[in-house]
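Trainee: Please read through the structure below; I'll follow up with questions.
The values are calculated or read from the model by the stated rules, or taken from the named source; none is laboratory data. What you are looking at is a predicted structure, and each value in this text was computed from that prediction instead of being measured. Here the Cβ positions follow ideal geometry from the backbone for every residue, glycine too, while neighbour counts run over all protein chains shown. Just the protein is used for accessible areas: all its heavy atoms, side chains included, with ligands, DNA and RNA removed. Shrake-Rupley method; radii C 1.70, N 1.55, O 1.52, S 1.80 Å.
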Amino acid sequence: MAQNTIASVSVDLDAIACYWRIHALPGAPPDQVRHVILRRCLPRFADLFAEAGVKATFFVVGSDLRDDPEGRAQLAALAAQGHELANHSFTHPYHLVRLSRADIAAEIDAAHAAIGDCAGAAPVGFRAPGYNVSARLIDLLCERAYHYDSSAFPAIPYYAAKAAVMAMMRVVGRPSASLLGDPRVLASPTSPYRPARDAPYRRGDAPLLELPMAVTPVLRLHVIGTSVVTFPEPMRRRMVDAALRRPFFNLELHGIDLADAARDGFPAALIARQPDLRRSLASKRAALWATLEQVRAHGASFQTLAQAAGTLAAGMPHPAR
Ligand SMILES: [Zn+2]
């Protein structure tokens, strides 16, 4: 039993339009799935976490709060129950790090205002669309006194697979809206660290913490929702077990992980490109439930990312002023 392990569960609430852009599908997603993540998937996460006794962190795209009052009401209720709402930008631009300083600031600030208004408390954490951060982005978050960024995804096989898929899409003339990102992330720390203000994938003395996504030791296999819901059970258990050997287990999920493709009306074009959409909702929920139980059996304590950032910062050297 590792009594001191902290486990955080977060859910990125990317709308279907994001997946449309990643897969370079033509036009816009059909109307019936426009708000499906907040209206159909989010309540399933709320149920799962209530049953498991977990307070989670939801990364919210600010413009969804403006466009979907029903989804906004659900998020406000979750915040009132003690879940954390954190900043996932205002419009989820995959090329956020390529924007000007003023445009990045506008993305952060518009989401900050919308989420703070919904939750009744200002967000203190950020996750970048597509996992890509830059010195400019970290600096803007420091200026705004954010407590943490949780975007670093130092998973080697994941990065290689993403690079291969993106290259293939370029070859067939359908380039993805996704951004491969800075390869320096592959050498970044895999445990929480203070980043350097001018080099976010290196240790330094920024006043916020970087909380990397869970990977296994040595091989750096990604332990995220997609792997949890699609890998065979024995492999999933071994990977979660390996990731739990670290003092901090940062399990990143996406709203789409609890989609019911047929009943939620997902279009065939998207189902063809997302293997997780071809799994039954029951099997995906069971895999997530079993993972939460495995974390608890390990002796880990569940904390929101904001709580974890507070606990972890207390054990680190003080930042530069
Ligand atoms: Zn996202």
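Trainee: Looking only at segment 1-43, how many residues end up being away from the ligand (no atom under 14 Å from the Cβ), of a type in the set (S, T, N, Q) and assigned to a strand (DSSP E or B)?
Mentor: Count: 1.
Trainee: On the basis of being more than 16 Å from the ligand (Cβ to nearest atom), among the polar types (S, T, N, Q) and either surrounded by 17 or more Cβ atoms within 10 Å (Cβ to Cβ) or under 15 Å from the mean Cα position of the chain (by Cα) (or both), does Ser134 make the cut?
Mentor: Yes; evaluated as a whole, the condition is true for this residue.
Trainee: Okay, moving on. So which pairs qualify, if the first residue must be in segment 38-50 and open to solvent by less than 50 Å² (accessible area, probe 1.4 Å), the second must be part of a helix (DSSP H, G or I) and of a type in the set (Phe, Trp, Tyr), the Cβ gap must be under 7 Å, and the two must be at least 6 apart or on different chains?
Mentor: Correct list of pairs: Leu48/Trp289.
Trainee: When only residues in segment 76-90 that are farther than 14 Å from Phe49 by Cα and either touching a residue at least 40 places away in the same chain (Cβ under 8 Å) or acidic (Asp, Glu) (or both) count, which is surrounded by the fewest Cβ atoms within 10 Å (Cβ to Cβ)?
Mentor: Ala80
Trainee: Ok, one more. Let me confirm something: among Ala269, Ala262, Ala287, Ala308, which residue is surrounded by fewer than 19 Cβ atoms within 10 Å (Cβ to Cβ), of a type in the set (Gly, Ala, Ser) and in a helix (DSSP H, G or I)?
Mentor: Criteria check complete, one pass: Ala269.
Trainee: Do we have any residue at all in segment 111-120 that's over 15 Å from Ser63 (Cα atoms) and either without any contact (Cβ under 8 Å) to a residue 60 or more places away in the chain or more than 14 Å from the ligand (Cβ to nearest atom) (or both)?
Mentor: Checking segment 111-120: at least one residue is over 15 Å from Ser63 (Cα atoms) and either without any contact (Cβ under 8 Å) to a residue 60 or more places away in the chain or more than 14 Å from the ligand (Cβ to nearest atom) (or both).
Trainee: Moving on to the next point. Looking only at segment 170-222, how many residues end up being aromatic (Phe, Trp, Tyr) and under 16 Å from Ala128 (Cβ atoms)?
Mentor: Looking only at that region, the number is 1.
Trainee: Could I ask something else about it? Starting from residues that are open to solvent by 20 Å² or more (accessible area, probe 1.4 Å) and among the hydrophobic types (A, V, I, L, M, F, W, C), keep the ones in segment 180-198 and report whichever is modelled with the lowest pLDDT.
Mentor: Taking the candidates together, the pick is Leu180.
Trainee: Turning to a different aspect of this structure: Which members of segment 122-137 meet the condition of being closer than 12 Å to Pro195 by Cα and in a loop (DSSP other than H, G, I, E, B)?
Mentor: Hits for segment 122-137 are Val133, Ser134.
Trainee: Still on this structure, please answer the following. Please pick out the residue among Asp205, Asp257 that is assigned to a loop (DSSP other than H, G, I, E, B) and either open to solvent by less than 30 Å² (accessible area, probe 1.4 Å) or touching a Pro at 6+ places or on another chain (Cβ under 7 Å) (or both).
Mentor: Asp205
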